[in-house]
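Here the structure is laid out as structure tokens; the discussion comes afterwards.
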Amino acid sequence: MSRLYEMSLVVRGAAVDENTISEAADEHWNFEDWSSYNKEISAHGQSNLCGGETEEEFAQRLTESIWKANGKFCEVEVIATYLEDLPHENYLFDEEDYQRFLDFGGPEEE
């Protein structure tokens, strides 16, 4: 079973350039919008975790790949957002709400 996620990635203090980090990371996820500023490289992307892999297992696998490409330690932050069950609010307005709308100004007539 696959689960849809948004993964955001921030790499700080890399010894290599953005292209090297992106090549290592893109082997594991469909990252987009790569950017780098002041020794911080970031990207994000949506895809699916499959085969029962947990968020933590994915983050560890991705981090180790980046460390390998970097050749030494750098800080790797992975932010996982599960997209299939996000908190949300529903709003449904009924005829009484519409009547209040009409009573207090309603639609402007042209």
Go ahead and set up a Gaussian network model of the chain, Cα springs under 10 Å, then flag whichever of Arg100, Arg61, Arg12 fluctuates most. Arg100
I want to verify a result. In a Gaussian network model of the chain, Cα cutoff 10 Å, which of these has the top mean-square fluctuation: Glu77, Glu57, Glu89? Glu89
quick shape note, the chain: Cα extents on principal axes in Å, largest first -> 69, 36, 19
For Ser22, Ser8, Ser2, what ranking results if the residue with the fewest other Cβ atoms within 10 Å of its Cβ goes first? Ser2, Ser8, Ser22
Average Cα contact separation per residue, region 3-103, under 8 Å, 6 or more apart, as relative contact order %: 40
A chain fully extended from Asn30 to Lys68 at 0.36 nm per residue, minus the present Cα-Cα distance, gains in nm 11.8 nm
Going by C-beta contacts inside 10 Å, put Leu83, Leu9, Leu92, Leu49 in order with the fewest on the left. Leu92, Leu83, Leu49, Leu9
Need one number: nm distance between label points at Glu89 and Gln60, each 7 Å from Cα along Cα→Cβ, rounded to one decimal. 3.9
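Laboratory data are not the source of any read-out in this text; all were calculated from the coordinates shown. For clarity, every value in this text was computed on a predicted model and none was experimentally measured. A quick note on method: Cβ atoms are made from the backbone with ideal geometry, for glycine too, and the neighbour counts reach across all protein chains shown.
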